[in-house]
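To keep things clear, I will list the structure first and then write my remarks on it.
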């Protein structure tokens, strides 16, 4: 993230709820200079509660009812950290996370949502499906749909515990969707039985008499079995057991009861209500901690308590942003008073809805269509974001490819208007006290830096340089990589950068020994510099430790943008080195990872990539090539390289030239990352793509294949890409099976080597 003003305050939005989605949009429309915003949430998208019942009923796709938080964070210039919060250290002003280092904050806003309060006794946890967290609920619901779709002839019994608006609507929508599946399979509706349990004497106790009676009649008419005044005592082995002794056997149990909050909010010392939700005043500020705000289901307004409903979280979005801005600017806060009554539109599962407000109630298909328009208009606010400028990147791939191919076929090199990298200006070293604190924190969090007897002088010594020993009989392999951040999470960026740098060692059959780091940290106040450097080095060191390597030194500066790299050393046996020049005719080519990171991150910069596409790409970049390299050696690979900035063809050209062989590539067999084909077809490519296109001159039949949709991706620059290796034919199937068993799911045989004919171009694509 490029800041026009040094970072002075860290605002962390904890949770991706409705209020925070609105906050990100508003901060994106009107940024705050000197404020770094971080969204810490479990997933890169968040469900809009207003459309979830329609999704369960089959009226909306998953994408239609989810807000893309990765795209929204990019629009807002915010960092996105994907992890689960497990606690707060209020004295240190840190959020404790499940899978990453603690995240520091100056100002914190909490919008985590809620979860149903589960029974005290759960004998069969797998049979219990809580309605929240929504992500887990949808995963389980999709499994229910798949199970019934595969075996529609099998009788299914479903129980829903909770007779409020959520439970009633879920019962109707579940029944509607599953009956659709039965109807399509020509199976009787009697194969499906739905039970609804309510501890009170009536359904929807907070609604008026007409609405309660109407829903009870509707449920009865549709054959849903009601169990009123039947509080559930426990869930055991696919059975619901009530306090009265009533026991119902069932296949799936959906739990939609009174909401509760994570227990760690109270344990941290925040003022909370009886259900654990953060108590806030009229400005949405915590009663106990003035540097913490809360909204949506996570909060209870002391003077204006309201039900845990999405409508209130949506209404709190703008007041929350206003007061966060005011707090950051040391201005007085403005009170917010939520409406006392609100209109409920509750779906009946069949394309109708019932409206309820006060003593008013009405049922009509018109209400569903009205609700549908309201919900779609709300979601449109998060898809209609201003497009970011493309900064001189090519607007169309096909024309450029044809021009380059034609030029090379005529032995001409086309002129290229390649965008130049903007200079970050002079940097200054990060202060020694900051660096010392960061290294001390990283050692404490990681359990100490790995110790190796061949590191003679490392970080623990104050000397001017590190000293390493090369054991007798081994050779040292060295490599270096450094580039600006392509991710707005310094911890994950540190992991990706370390994997990217280490891959050069793995590609040559070396085992990592040590690394030197070089980092440029965005201009900021000392505390904010420390936080960024801490996250960055924590990510890098976690990968180095996994590879049994140690960080032995480095250099840090401050600059306009975050950038990071490593100089890595590895040790190898001279006779076991893998080189690009070892390919032999009659071998197969193996690729261990899918390609497409270049176009995907170019699309991300333009707000044109879907969050789930980036999730897959980041997971691929976080995967180490170490096990893949070992596997390739075990299956007698003779040549290897890692696919990075020059793209698949660029690196393959290096191999065939060094080996003096030819290659036939199977274009359809080359694995692609999800979304890469879609983005490249829209003409979205990396700024390095024009230079990579020069490698087209090595393709014998370029003019015949350059219109293939996959062709541009051959030149797509990769970050932390996979390994490309030549393996004997007799080992290829075993090697491929072993790679996939190790977790390299996209591994594929993408071609084979042949003898090089005189004066022939070395690569042919089929």
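Using bins 5 angstrom wide from zero, how does P(r) for the stretch 577-641 break down, in % of all Cα pairs?
Pair shares across the bins are 3, 14, 21, 16, 13, 12, 11, 7, 2.
Be a star and scan the stretch 634-652 for residues whose amide nitrogen sits under 12 Å from the point 7 Å along the Cα-to-Cβ vector of residue 734.
Those under the cut-off are 634-637.
Would you give the gap between the C-alpha center of the stretch 612-647 and the C-alpha center of the stretch 45-116, rounded to a whole Å?
Taking the Cα centre of the stretch 45-116 as reference, the centre of the stretch 612-647 is 30 Å away.
Rounded, prolate or oblate: which fits the stretch 585-711, taking a ≥ b ≥ c as square roots of the Cα gyration tensor eigenvalues, rounded meaning a/c under 1.5, else prolate when a/b beats b/c?
Oblate shape, in that a/c is at least 1.5 and b/c is the bigger or equal ratio.
If you take the Cα Rg of the stretch 471-534 and divide it by 2.2 N^0.38 Å, with N the number of residues, what do you get?
Output field value: 1.39.
Kindly work out what percent of the DSSP beta bridges joining two residues of the stretch 428-574 are antiparallel, to the nearest 5.
70
When only C-alpha pairs under 8 Å and at least 6 residues apart count, what is the relative contact order of the stretch 251-306, in percent?
Computed value for the stretch 251-306: 26 percent relative contact order.
How long is the gain from residue 681 to residue 527 if the chain were fully straight, where each residue apart is worth 0.36 nm and the alpha carbon distance is subtracted?
Value of the extension gain: 51.1 nm.
Angle, helix 611-622 long axis vs. longest principal axis of the chain, Cα atoms, 0 to 90°, nearest 10?
40
Going 7 Å from the Cα of residue 470 along its beta-carbon direction, which residues of the stretch 484-517 have the amide nitrogen within less than 15 Å of the resulting point?
Only 510-514 fall inside the zone, counting backbone N under 15 Å.
What do you get for Rg/Rh of the stretch 48-151 when both radii come from the Cα atoms and Rh is the Kirkwood radius?
Here Rg/Rh amounts to 1.03.
Between helix 432-446 and the chain, what is the angle of the helix's C-alpha long axis to the longest principal axis, kept within 0 to 90° and rounded to the nearest 10?
70
At residue 64 and residue 668, where each label point lies 7 Å from the Cα along Cα→Cβ, what is the point-to-point distance in nanometres?
So the label points at residue 64 and residue 668 sit 3.3 nm apart.
Taking every eigenvalue of the Cα gyration tensor of the stretch 428-574, multiplying by 5 and rooting it, what semi-axes result, largest first, whole Å?
Equivalent ellipsoid of the stretch 428-574: 25, 17, 13 Å, largest first.
Please arrange 234, 33 by how many other C-beta atoms lie within 10 Å of their C-beta, fewest to most.
33, 234
Dimensions of the stretch 179-302 along principal axes (Cα, Å, largest first)?
Taking the Cα atoms of the stretch 179-302, the three principal extents are 60, 37, 34 Å.
For the chain, what does the relative contact order come out to in percent, with C-alpha contacts under 8 Å and a separation of six or more?
Worked out over the chain, it gives 13 percent.
Which FRET efficiency value, to the nearest 0.05, is calculated for residue 440 and residue 135 with the Förster distance at 30 angstrom and r the Cβ-Cβ distance?
For R0 = 30 Å, the calculated efficiency reads 0.25.
Once the piece of chain linking residue 329 and residue 96 is laid out straight, how much longer is it, given 0.36 nm per residue of separation minus the C-alpha distance between them?
That works out to 81.2 nm of additional length.
Counting helices only, and only those DSSP H runs with n ≥ 4, report the 222 nm mean residue ellipticity of the chain as the sum of -39,500 (n - 2.57) divided by its residues, in deg cm²/dmol to the nearest 500.
Computed mean residue ellipticity for the chain: -10500 deg cm²/dmol.
Report, for the chain, the % of DSSP beta bridges that are antiparallel, rounded to 5.
Of the beta bridges lying entirely in the chain, close to 55 percent run antiparallel.
When a/c reaches 1.5 or more, the comparison of a/b and b/c decides; with that in mind, is the stretch 529-605 rounded, prolate or oblate per its Cα gyration tensor?
Verdict is oblate for the stretch 529-605.
For all pairs of alpha-carbon atoms in the stretch 70-220, what percent lies in each bin of width 10 Å, listed from the first bin to the last filled one?
So the P(r) values, bin by bin, are 8, 27, 27, 21, 14, 3, 0.
Between residue 555 and residue 302, what FRET efficiency follows from the Cβ-Cβ distance if R0 is 60 Å, with the result rounded to 0.05?
Computed FRET efficiency for residue 555 and residue 302 comes out at 0.70.
Test of understanding: what is the full-extension gain from residue 384 to residue 766, defined as 0.36 nm times their sequence separation minus their Cα-Cα distance?
So the extension gain works out to 133.5 nm.
Using Cα-only point scatterers and the Debye equation, what is log10 of I(q)/I(0) for the stretch 710-766 at each q in 0.26, 0.28 Å⁻¹, rounded to two decimals?
-1.20, -1.23
How would you classify the stretch 692-735 from its alpha-carbon gyration tensor, with a ≥ b ≥ c the square roots of the eigenvalues: rounded for a/c under 1.5, else prolate if a/b is greater than b/c, otherwise oblate?
Because a/c hits 1.5 or more and a/b exceeds b/c, the stretch 692-735 counts as prolate.
Over all distinct alpha-carbon pairs, what is the Kirkwood Rh of the chain in angstrom?
Across the chain, the inverse of the average 1/r is 28.9 Å.
Separation between the residue 126 and residue 29 pseudo-spin-labels, each 7 Å from Cα along Cα→Cβ, expressed in nm?
The answer from the label model is 4.8 nm.
What FRET efficiency comes out for the pair residue 745/residue 209, r = Cβ-Cβ distance, R0 = 56 Å, nearest 0.05?
Result of the calculation: an efficiency of 0.50.
So what's the angle, to the nearest 10 degrees on a 0 to 90 scale, between helix 18-29 and the longest Cα principal axis of the chain?
50
Among DSSP bridges having both ends in the stretch 579-765, what percentage is antiparallel? Round to the nearest 5.
Of those bridges, close to 75 percent are antiparallel.
Would you mind calculating the relative contact order of the stretch 121-259 from Cα pairs under 8 angstrom and at least 6 residues apart, reporting the percent as a whole number?
Rounded, it is 35 percent for the stretch 121-259.
Every number here is computed from the coordinates shown, using simple stated rules; none is lab data. What you see is a predicted model; the values in this text were computed from it and never measured. Neighbour counts are summed over all protein chains in view; Cβ atoms, including those assigned to glycine, are modelled from backbone coordinates with ideal geometry.
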